[in-house]
Amino acid sequence: MALATSPSGLQSSVNALTYERISELRDAFDAHPTARLMQNAVTQNDVDDISLDRAVVTQTDHTFSHVLDDWSVTNQQRSGRCWMFAGLNLLRPAVMREMNLKNFEFSQNYTLFWDKLERANYFLELMIATADRDRDDRTVAWLLDRPLDDGGQWNMFVNLIRKHGVVPKSVMPETKSSSNTRRMNSILITKLRKGAGDLRKAVSGGETPESVKEIKEEVISSVHRILSIHLGAPPLRFDWQWNDKDRQFHRDGAMTPLEFADKYVKQPLDEYVCLVHDPRPTSPVGRTFTVEHLGNVVGGGIVKYLNVDIELMKEVARKTILDGNPVWMGCDVAKMMRRDQGIWDAKLYDYDNVYDSDLSMCKSDRLMFHETLMTHAMLFTGVDVGDSQGSQKARRWRVENSWGEDNGRKGFYVMNDSWFDEYMFEIAAHPQYLPESLREAWNQEPIVLPAWDPMGSLAK
């Protein structure tokens, strides 16, 4: 039976897989020296268990020359709030020292509420701004596809703290929906897409700016109500008092979230810069970048990156830790990861030998061909520096994750330096650790990357 030919030629039978070719493939599989053995093994076991390099596991030590943490990890549960957890976790060591507490958590539900509401407003403003474009325009289609994700970026975290402050977890604890955001998100997205349609029709129909704003405000009102039902109402003021680890009583009295942040957030968040390692040929080192339409607070700071060499990123992270401060970071978390043992290593799994196939790609190609992107934010809380030859380079990194204590070593992971090279993409750091030339480069107008660029993926 002849196949119809499309303009692209893909429906032509000329280059189709023939029965003869399929037979050759089967014969080659049967004749392969290890394929049958691997088939027997993998059909009965997880391929990660088969391909796990035992030498990497036994040579990976969970001890470090410099460790900051003596606290327990947090748990984002079934939500995409890693960037938010990592940001709040960065702030809490100073709070624990100030309050003389063994452990402390900020309310991640509080920041979630404000991020959702602010991001809804941000999305609706983008719908108004792009209402003159066709609905199938790539940017408009991208925005409609991803109107309200859980993910976020460092600058988006800073926007929330600057505008809304922070509160202790006891003041606005977790709810069912903050710990499992899927259903709430789906309802919010439905409302936002409906609002997007109404706004586009109003603009194209020539309605006044006042009428358009009225439509937007109705959507925002509904979003606020939905969030309040799912997450609870964020406090305007709260009474704060506590017993420290020496059983001493302390009382601050009534405070607003901004007053609490002003008193207990010690880090100069507005001064921090985001460093990325983007080795693509189109991304020169020493240049700043932003991602179009990536943000959460209208009128807030933009998402901005400075592209640096991976060795400089390591040096900045190492110096920050040695000075006693954790480091917020973003990476491609699931690659070459052993969750139960809490290990990342670039050669952790030997898939090439399991399949007798070269699966290797350089970091630049992985970015360009959609094989890697930032998927998770965490915190560096330790580093192992030095070896028997006296080198001061980092050998491995201690990572505080936000997946609870039932993985890794009570929720802490070890990242071998080889993995840092391949799958680390971003850190937030104080500019004091940068050379003068890069501190000056930070002030450049950023190159604008398209909304779908992988450098914006952590927000998705």
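Quick notes on this one:
- Each helix, a run of at least 4 DSSP H residues, gives -39500 (n - 2.57); summed and divided by the residues of the chain, these come to -12000 deg cm²/dmol at 222 nm.
- For the stretch 334-422, the set of chymotrypsin sites (Phe, Trp or Tyr not before Pro) satisfying both a DSSP loop assignment and a count of at most 11 other C-beta atoms within 10 Å is given as Phe369.
- Evaluated with a Cβ-only charge set (Lys, Arg +1; Asp, Glu -1), the stretch 66-459 carries a dipole of roughly 1120 debye about its Cα centre, given to the nearest 20.
- Ranking of Leu306, Leu359 by neighbouring Cβ atoms within 10 Å, starting from the fewest: Leu359, Leu306.
- Of Tyr355, Phe289, Gly253, farthest towards positive along the dipole that unit charges on Lys, Arg, Asp, Glu beta carbons give the stretch 66-459: Gly253
- Think of the stretch 66-459 as a dipole: +1 on every Lys or Arg Cβ, -1 on every Asp or Glu Cβ, centred on the Cα centre; then among Val276, Gly300, Gln76, Gln76 lies furthest on the positive end.
- Order of Arg396, Arg26 - criterion: other Cβ atoms within 10 Å of each residue's Cβ, fewest first: Arg26, Arg396
- Pairs spanning more than 30 Å between alpha-carbon atoms, out of Lys191/Lys266; Lys304/Lys363; Lys163/Lys213; Lys314/Lys460; Lys245/Lys410: Lys191/Lys266.
- Taking a straight Cα-Cα cut-off under 17 Å and skipping sequence neighbours fewer than 8 places away in the same chain, the lysines within cross-link reach of Lys319 are Lys393.
- For Leu52, net neighbour charge (Lys/Arg +1, Asp/Glu -1) across residues whose Cβ lies under 13 Å away: -3
Where a number appears in this text, it was derived from the coordinates with a stated rule and is not lab data. Every value quoted in this text rests on a predicted model; they were computed, and no experiment measured them. Glycine also receives a Cβ, built like all others from the backbone with ideal geometry; neighbour counts cover every protein chain displayed.
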